[in-house]
Amino acid sequence: MVSIDVWNASVDFPIFDAKSRSLKKLALGKVGGKIGSEGRVPIIEALHDINISLKHGDRVGLVGHNGAGKSTLLRLLAGIYEPTRGSSRIVGKVAPVFDLGVGMDPEISGYENIMIRGLFLGMSRKEMEKRVDDIASFTELGDYLSMPLRTYSTGMRVRLALGVVTSINPEILLLDEGIGAVDAAFLEKARDRLNDLVDRAGLLVFASHADEWLAELCTKAIWMDEGRVKQQGDLREVLTAYKGRDPFANMSEETLKRLGQSKVTTANGGE
């Protein structure tokens with residue numbers, strides 16, 4: 001059975017050529033956390049003392065401001081980063097959708113990238129050949145699929161990546177907020193496909209600033225702040241603590257009904 005366990009894990013990045021505050025500030029903005037030091041070498045403390053236990057069936061939203069450590073945590077959960085201290089254990093096949101450059105080649109066509117990204121995610125060539133037509137139809141990229149990936153906009157790349165990943169059967173699905181780069185109409189079309197993908201996945205972790213998307217896909221949440229887990233638990237409770245208000249209060253009755261929620265604020269018992 002799929003699972004992710006992280007025990008007292010920290011991730012540090014030494015900056016060997018940090019000769020100016022601007023360089024350290026740039027690095028800090030990309031990974032979150034705080035700047036420490038080890039001798040004369042500045043250290044970016046991207047994650048500190050992380051304890052997380054996720055099991056089959058969990059649907060977890062990652063929240064926090066930009067630079068809080070969400071993307072770094074996703075890479076730790078994917079096994080891309082190893083803990084500098086502490087430990088982690090990942091059981092199951094991971095399908096990461098947070099770095100659109102991984103498993104894709106800018107110099108070859110969209111069709112060829114469909115095959116490559118599918119192979120990167122653990123599918124066989126025969127399995128991907130059966131899925132190509134469905135993926136092509138879903139992306140709505142038409143003749144662009146015959147053109148090099150470098151000619152694509154960010155939104156077009158997201159369409160291609162979503163088309164591939166929503167066609168497979170991941171055990172652990174890691175999604176980043178980059179899916180918001182596509183237009184609203186396409187996201188609406190992708191909603192059912194994403195929900196079906198989440199239903200098929202054994203475990204989901206989704207980093208996003210969009211309350212409705214979090215409510216659509218998740219039931220739990222982890223609030224990251226300065227590279228630490230500040231709070232984790234029920235989605236609505238964590239979002240209310242993070243934002244200082246009930247984020248579901250302004251959603252329509254129709255949306256709340258679809259999400260299985262109500263107007264009642266869980267934090268204080270009123271609207």
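Output yes when any residue across the range 190-200 is farther than 24 Å from Ile116 by Cα and touching a residue at least 24 places away in the same chain (Cβ under 8 Å), and no when none is.
Within the range 190-200, one or more residues are farther than 24 Å from Ile116 by Cα and touching a residue at least 24 places away in the same chain (Cβ under 8 Å).
Looking at (1) modelled with pLDDT under 90; (2) surrounded by 21 or more Cβ atoms within 10 Å (Cβ to Cβ); (3) more than 29 Å from Ile168 (Cβ to Cβ), can you tell me which one Ile35 breaks?
Of (1) modelled with pLDDT under 90; (2) surrounded by 21 or more Cβ atoms within 10 Å (Cβ to Cβ); (3) more than 29 Å from Ile168 (Cβ to Cβ), only one is false for Ile35: (2).
Has the range 209-217 got at least one residue that is at pLDDT 80 or above and part of a loop (DSSP other than H, G, I, E, B)?
yes
Kindly check whether there is at least one residue in the range 243-255 that is hydroxyl-bearing (Ser, Thr, Tyr) and touching a Pro at 6+ places or on another chain (Cβ under 9 Å).
Within the range 243-255, none of the residues are hydroxyl-bearing (Ser, Thr, Tyr) and touching a Pro at 6+ places or on another chain (Cβ under 9 Å).
Please go through the range 48-89 and give me each residue that is of a type in the set (Val, Ile, Thr), over 18 Å from Pro14 (Cα atoms) and in contact with a helix residue (DSSP H, G or I) (Cβ under 6 Å, 6 or more places away or on another chain), ordered by number.
Val63
The values are calculated or read from the model by the stated rules, or taken from the named source; none is laboratory data. Bear in mind that the values here come from a model prediction, so they are computed numbers and not experimental data. Cβ atoms come from the backbone with ideal geometry, glycine included; neighbour counts cover every protein chain shown.
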